[in-house]
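Note sheet for the following structure.
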Amino acid sequence: MSEFSSIILHAGRAGVELALFVLLPVMIVMLSIMRLLEAKGLLDRLVNIVAPILRPFGLPGLGVFAMIQVLFVSFAAPMATLAMMDKGGSPRRHIAATLAMVLGMAQANVVFPMAALGLNAPITMGVSAICGLIGAALTYHIFARNLPDRDDDNPMIVKHKDADGPKGVLDVINKAGAEALKITVGAIPMLVLALVFVSIMREAGVMTFLEEALTPLLNTLNLPGSVIMATISKYIAGGTAMMGVVKDFLDQGQITIQEVNRLAGFLIHPYDVAGIAVLISAGQRVAEVLKPALLGAAIAIILRSLVHGFLF
């Protein structure tokens, strides 16, 4: 019993430290910058410029905004945009392409905190954007080509907080800080549970068994055995939980930052049980186009994994 308590206390301390001293400061700064840019209308101008260029990829104007949200805010941020597309009558093919892109891209709530640990954020985000667009295009033109379309019934305008004057700016920053705190606190349970899970698997010998069983494959790919637990944590508990496990492995010397960069395409994205559940809750029509979106996102992740493997 004392060993189990020790595992819980160690996992709790590591999870809370990662959330409060790495995730929270990064999210406060990034969210404040993004919300101020939104409030000033700069993001809307960027969307208007980029939208015509990305339309061949199957992305409408709101799809471009969803891309910016997942890259610079968090994986859950595009949920509001998807909800607007769902309720506004956006064609299903556009919704499917947007969902595929979001699922296949690197989310900011993992990329920026891990950048503090040594992750190459510019390359991760750049490769993510290109491959996400490829996944969206494949979804729109191939996987979702038979989906029924529906013309836009309502004007879909993204509304932002006003940032005019010092009071408006402070209000936007305060709300961004509260949003960052909500994201951080919400991540703590999964962080702690993932670290407890990994510690129990290690103590029970499961991790050693899996490493020995998969040694030939891991040696071929030049990867450490710790990748197994990081992968299991990621696809069951989500990207933030995976981040906690990876940081623990980095602290223990069981994985290097070079190996983390090599695996970034495979591990950093919302294509997991938690991420999918959150995003499809945006609306009924979003959930209905999940199947083609998953196919397009899977190809985007495969491409990202190959590119990261080549670069690192």
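The values are calculated or read from the model by the stated rules, or taken from the named source; none is laboratory data. Since this is a predicted model, take the numbers as computed values, not measurements. All Cβ positions, even for glycine, are placed from backbone atoms using ideal geometry, and neighbour counts span all protein chains on display. Accessible surface areas use protein heavy atoms only, side chains included; no ligands, DNA or RNA. Shrake-Rupley method; radii C 1.70, N 1.55, O 1.52, S 1.80 Å.
Being more than 23 Å from the chain's Cα centre (by Cα) and open to solvent by 50 Å² or more (accessible area, probe 1.4 Å) is the filter here; which residues of the range 6-43 pass it?
6, 8, 9, 10, 13, 40, 42
Please give the helices (runs of 4 or more DSSP H) falling wholly within the range 57-110 in which 1 or more residues are within 17 Å of residue 298 (Cβ to Cβ).
On the way: elements: 61-72, 78-87, 92-104.
Fully inside the range 57-110 and qualifying: 61-72, 92-104.
Could you check residue 166 against (1) surrounded by 11 or more Cβ atoms within 10 Å (Cβ to Cβ); (2) assigned to a helix (DSSP H, G or I); (3) modelled with pLDDT under 70 and say which number it fails?
Among (1) surrounded by 11 or more Cβ atoms within 10 Å (Cβ to Cβ); (2) assigned to a helix (DSSP H, G or I); (3) modelled with pLDDT under 70, residue 166 violates only (1).
On the given criteria, is residue 132 small (Gly, Ala, Ser), within 17 Å of residue 271 (Cβ to Cβ) and either out of contact with any Leu (no Cβ under 7 Å at 6 or more places or on another chain) or open to solvent by less than 10 Å² (accessible area, probe 1.4 Å) (or both)?
Working: small (Gly, Ala, Ser): yes; within 17 Å of residue 271 (Cβ to Cβ): yes; either out of contact with any Leu (no Cβ under 7 Å at 6 or more places or on another chain) or open to solvent by less than 10 Å² (accessible area, probe 1.4 Å) (or both): yes.
Yes, satisfied.
Does any residue in the range 136-149 that is part of a helix (DSSP H, G or I) come within less than 9 Å, Cβ to Cβ, of a residue that is of a type in the set (D, E, K, R) and open to solvent by less than 70 Å² (accessible area, probe 1.4 Å) six or more places away or on a different chain, and which pairs are these?
Filtered contacts from the range 136-149: 139/93; 140/93; 141/93.
Would you mention how many residues in the range 202-219 are open to solvent by less than 40 Å² (accessible area, probe 1.4 Å) and not small (Gly, Ala, Ser)?
Our first condition is that a residue be open to solvent by less than 40 Å² (accessible area, probe 1.4 Å); within the range 202-219, this holds for 205, 207, 218.
In the following step, the residues that additionally are not small (Gly, Ala, Ser) were identified as 207, 218.
Counting residues in the range 202-219 that are open to solvent by less than 40 Å² (accessible area, probe 1.4 Å) and not small (Gly, Ala, Ser) gives 2.
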